[in-house]
Every structure is written in C-alpha cells, then in structure tokens.
Amino acid sequence: MSKEVSGFLAADGTFFEREANCRRYEFTLELRSLCDSHGINFENFITTLNAWHTQVKGYYDADANCIDRQAIGQTPRFDAGDDVDDDGDDIPAFLPPERDIPHTPVGDKNAPGFLELAIRKHK
C-alpha cells in the first residue's frame, strides 16, 4: 500500500523528515570524505569539533563581520606548492608531530590528530 510522505532526500537517497537533519547528514558525508582524503580519523575530528563548537562558531561569527576575512575568505593550502627552503627542498604543509609513532596506519584512531601537527605559516 502506498503512502503519501513529505520530507527530504539526501544525495545518497537517505530520507529525512526535517531539512536540517538532511543538511547535517550531507555535510557529515562531505566531512567524512575530506577526512578520508587527508588521512584524518573522522571520529577524532568530530569529537574535537563537537568539544570546540562554541569557540569555532564564535570565530566564524566574528570573522563574518570582518572586512579582511580569514576563515571564510581564503582557501587553505595543504600541499607544499612553490614553497622551498634554502636548499631548494619543498617545505611540507604539515610539520611532523613532536613524538614519532612509526608505522601508524592512515586513519588510525590512536594516531596523532591533525590538530597535534604544527601547521607552518605561509609567507
């Protein structure tokens, strides 16, 4: 028996009764994909994001009112690009963590998170 329904379908066909839940689900899928492509453990990332949500939201809200936006107005670079040191070697975008954990599989929950890595500043 067919039934008339109203709601929202995510890109992967998952049904939601509320639009907000559908949008959150779709952004979650995008974040998971970004974490996978950058070797970041998704669960650790989301845990950190949820723990810092007040500060992150405050930063984005404050940044939205600035003329020279940093958070929204620039696209971050994660590759070494044209940045080289004095010897002509590429400078990595992420510096190694202070403690080296050898042979850690990509995406391992116990691997040092991206927030534990020192991110170099671009000139």
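The values are calculated or read from the model by the stated rules, or taken from the named source; none is laboratory data. Just so it is clear, the structure is predicted and the values come from calculations on it, not from any experiment. Virtual Cβ from ideal backbone geometry, glycine too; neighbours counted across all protein chains shown.
Before moving on, here are some points about what is shown:
- When restricted to residues that are under 10 Å from the mean Cα position of the chain (by Cα) and either part of a helix (DSSP H, G or I) or of a type in the set (Gly, Ala, Ser) (or both), the stretch 38-53 contains 4.
- Pair list, Cβ under 6 Å, 6 or more apart: the stretch 39-58 residue among the aliphatic types (A, V, I, L, M), other residue surrounded by 14 or more Cβ atoms within 10 Å (Cβ to Cβ): ILE40/PHE114
- Yes/no for ALA80 being surrounded by 13 or more Cβ atoms within 10 Å (Cβ to Cβ), of a type outside the set (Val, Ile, Thr) and modelled with pLDDT under 70: yes
- Here ALA11 meets the list (1) under 18 Å from the mean Cα position of the chain (by Cα); (2) exposed (fewer than 11 other Cβ atoms within 10 Å of the Cβ); (3) modelled with pLDDT of 90 or more almost entirely, failing just condition (1).
- Tally, over the stretch 13-50, of residues that are of a type in the set (Phe, Trp, Tyr) and touching a Lys or Arg at 6+ places or on another chain (Cβ under 6 Å): 1
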